[in-house]
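The values are calculated or read from the model by the stated rules, or taken from the named source; none is laboratory data. Quick caveat: nothing in here was measured; it's all calculated off a predicted structure. Using ideal geometry, Cβ is built from the backbone for each residue, glycine included, and neighbour counts are taken over all protein chains shown. Areas reflect the complete protein model, heavy atoms only, side chains present, ligands, DNA and RNA absent. Shrake-Rupley method; radii C 1.70, N 1.55, O 1.52, S 1.80 Å.
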Amino acid sequence: MKIICIGRNYVEHAKELNNPLPERPVFFMKPDTSIVVRNRPFFYPGFSKDIHYETELVLKIKKNGRHIQEKFANTYYDEIGLGVDFTARDLQQKHKEKGLPWEIAKAFDNSAPISKFIPLNDLHKKEDISFHLELNGKTVQQGYSRDMIFSFDQVISYVSQFITLKMGDLIFTGTPEGVGPVNINDQLTGYIEDKKMFDFRVK
Ligand code: ZN
């Protein structure tokens, strides 16, 4: 399986990092070795001094598809989860300046903690999903899926023009504003609507 991550999909987040707004979805990938499940701790890596959290809605692809038309994209997922796209911002900044790939800053081991998945139909408002991250009990990110520049269906349609999506693949759909650094001993708790999705510690 693979993990596809959408970058710069919320206007206010693109602005906080001084990035231009994309005309088409920007995506990158993480390997399966980035996944952390069941609220296991995130171990702060020794190669960075500026690891940031980015809280994102995550789609689970339920059947294989390529060249998916936007109008059919909603038949490719029916479950959603919440994940953290951990980013070594110091390494990413250096690589961005040089125009180099981001994998060193995005795809490292344990960089993608994910929650369990729940049916979209269990949500109160699946057309505008609210989610938030609490850092040590204080809300630091609050997102609404209506604020995405590219919708779930647009993202799936676009990515599948280049890469075949397979059952079990995950799509991180971008982070809202409020990203920031984590420190050892921080507790990260993520919610979709009022459902607690993950709760883990940085070690
Ligand atoms: Zn991200």
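Laid out as a table, the results:
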| item | result |
| --- | --- |
| Net dipole in debye of the range 3-201 [+1 Lys, Arg Cβ; -1 Asp, Glu Cβ; about Cα centre; nearest 20] | 440 debye |
| Mean residue ellipticity (222 nm) of the chain, computed from DSSP H runs ≥ 4 via -39,500 (n - 2.57), nearest 500 | -3500 deg cm²/dmol |
| For E79, residues with placed amide H under 5 Å, excluding near neighbours | K60, L120 |
| Largest to smallest accessible area among T33, T75 [probe 1.4 Å] | T33, T75 |
| GNM result for the chain, Cα springs below 10 Å: residue of L133, L165, L17 fluctuating most strongly | L17 |
| V36 long-range amide H proximity, modeled H, under 5 Å | A112, I114 |
| Dimensionless Rg/Rh of the range 3-201 - Kirkwood Rh, Rg from C-alpha atoms | 0.93 |
| In Å², nearest 10: area of I149 left accessible to a 1.4 Å probe | 50 Å² |
| Listed residue (H67, I80, H13) projecting farthest to the positive dipole end of the range 3-201, Cβ model | H67 |
| DSSP beta bridges in the chain [antiparallel fraction, %, rounded to 5] | 85 percent |
| Student exercise, the range 102-203 dipole from Lys, Arg, Asp, Glu Cβ charges, in Debye to nearest 20 | 220 debye |
| Rounded accessible area of R89 (nearest 10 Å², 1.4 Å probe) | 20 Å² |
| GNM flexibility winner over the chain from G83, G143, G168 (Cα, springs under 10 Å) | G168 |
| Approximate spin-label separation V11-K203, in nm, with each point projected 7 Å along Cα-to-Cβ | 4.3 nm |
